[in-house]
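Read through the structure below, which is laid out as structure tokens, and then see the notes.
The values are calculated or read from the model by the stated rules, or taken from the named source; none is laboratory data. Because the structure is a prediction, the values reported are computed rather than measured. Cβ placement follows ideal geometry from the backbone for every residue including glycine, while neighbour counts extend to all protein chains displayed.
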Amino acid sequence: MRTALIVVAALAAAVVVDLISGLLVRRVARGRYRWLLEPLRQACRRPAAAVLLVGALYYTLPFGPAGWQRSLRHVALLVLVVFGAWLVIRALHAAEAVAFSRLPGDVVTSRRIRRARPRSARCGGSPSPWSRSSRSA
């Protein structure tokens, strides 16, 4: 019972931290760096909340000698790593979009953008219109 109360309190604290950090970012985003912080906040809100919640859960689980507690703590650590990677990927994609949105929108620029984006960014989603596999033979 005590462990359950600690976990619930930690999750509630993570939700409060998420709300407060959202308010702080919105307040700072009204100023000079709105063009950067607003898209970053929009892109990273859910991954940041997930990292906070799973991190709070991980740090409140006891180290107990029982097998199921150790397994649950290990699973929480793996989920924390996955959500942390999701947060980093979303932040990088938002920063890339902001950086490329500041360039002029002509044909030469879109060619520059295609060259500047790493090939690894195009491997995960839908096929790129510039990849060889999407061209008709």
Note down all Cβ pairs under 6 Å where the first residue falls in the range 21-43 and is touching a residue at least 40 places away in the same chain (Cβ under 8 Å) and under 18 Å from Arg90 (Cβ atoms), the second is buried (at least 16 other Cβ atoms within 10 Å of the Cβ) and among the charged types (D, E, K, R), and they're at least six residues apart or on different chains. Ala43/Arg90
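Look through Ala10, Ala29, Ala48, Ala66 and report the one residue that is at pLDDT 80 or above and either surrounded by 12 or more Cβ atoms within 10 Å (Cβ to Cβ) or not hydroxyl-bearing (Ser, Thr, Tyr) (or both).
On the way: Ala10 fails: at pLDDT 80 or above; Ala29 fails: at pLDDT 80 or above; Ala66 fails: at pLDDT 80 or above.
Ala48 is the lone residue from the list that is at pLDDT 80 or above and either surrounded by 12 or more Cβ atoms within 10 Å (Cβ to Cβ) or not hydroxyl-bearing (Ser, Thr, Tyr) (or both).
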State which residue pairs qualify: first residue without any contact (Cβ under 8 Å) to a residue 40 or more places away in the chain and more than 13 Å from Ala50 (Cβ to Cβ) and inside the range 67-83, second residue aromatic (Phe, Trp, Tyr) and part of a helix (DSSP H, G or I) in any location, beta carbons under 8 Å apart, and separation of 6 or more residues or different chains. Arg73/Tyr58; Leu77/Tyr58
